[in-house]
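Here is the structure we will look at, set down as structure tokens.
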Amino acid sequence: MALFTAAAMVFGGALADAADRRKVLVICDTGQLVVAAGLLLNAHLAEPNLPAVYVLAALIAVFSSLGQPSLWAITPRLAAARYYPAASALESS
């Protein structure tokens with residue numbers, strides 16, 4: 001899973017620079033929502049599928065890793081200069 005996360009983080013950094021950061025965040029968060037719904041549906045099966053849990057968890061990690069650089073890069077645009085230290089502290093927690 002760490003391999004997926006590391007690869008997605010590198011690609012996510014390039015994506016954050018090349019694409020609209022808000023769209024990247026919306027797409028990644030929507031992807032996480034859809035995958036989480038898949039986990040919910042799998043959990044409610046009579047016999048949950050364990051390999052599906054691993055695949056869906058990896059997909060959530062990938063979506064998170066793709067969106068995280070965009071979130072880090074968009075914070076200075078959303079917070080005024082005097083509030084940036086506080087916004088940065090909230091973002092890292």
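General remarks:
- The C-alpha atoms of the chain define a longest principal axis, and helix 50-78 lies at about 10 degrees to it.
- If the convex hull is drawn through the Cα atoms of the chain, its volume per residue in Å³: 99 Å³
- Per residue value of the accessible surface for the chain (all protein chains in place, 1.4 Å probe), Å²: 69 Å²
- Estimated vicinal HN-Hα couplings, Hz - the range 7-13 in sequence order (Karplus 6.51, -1.76, 1.60; Gly, Pro = x): 5, 5, 5, 5, 5, x, x
- Within the accessible area of the chain (1.4 Å probe), percent carbon and sulfur: 71 percent
- Rounded to the nearest Hz, the phi-derived 3J(HN,Hα) couplings of the range 27-40 under the Karplus curve 6.51 cos²θ - 1.76 cosθ + 1.60 (θ = phi - 60°) are 5, 5, 5, 5, x, 5, 5, 5, 5, 5, 5, x, 5, 4, where x marks glycine and proline.
- Approximating the spin labels as points 7 Å out from Cα along Cα→Cβ, the Lys23-to-Tyr54 distance works out to 3.6 nm.
The values are calculated or read from the model by the stated rules, or taken from the named source; none is laboratory data. Owing to the predicted nature of the structure, the values given are computational and were not obtained by experimental measurement. Backbone-built Cβ (ideal geometry, glycine too); neighbour counts: all protein chains shown. Surface areas here come from the heavy atoms of the whole protein model, side chains and all, with no ligands, DNA or RNA. Shrake-Rupley method; radii C 1.70, N 1.55, O 1.52, S 1.80 Å.
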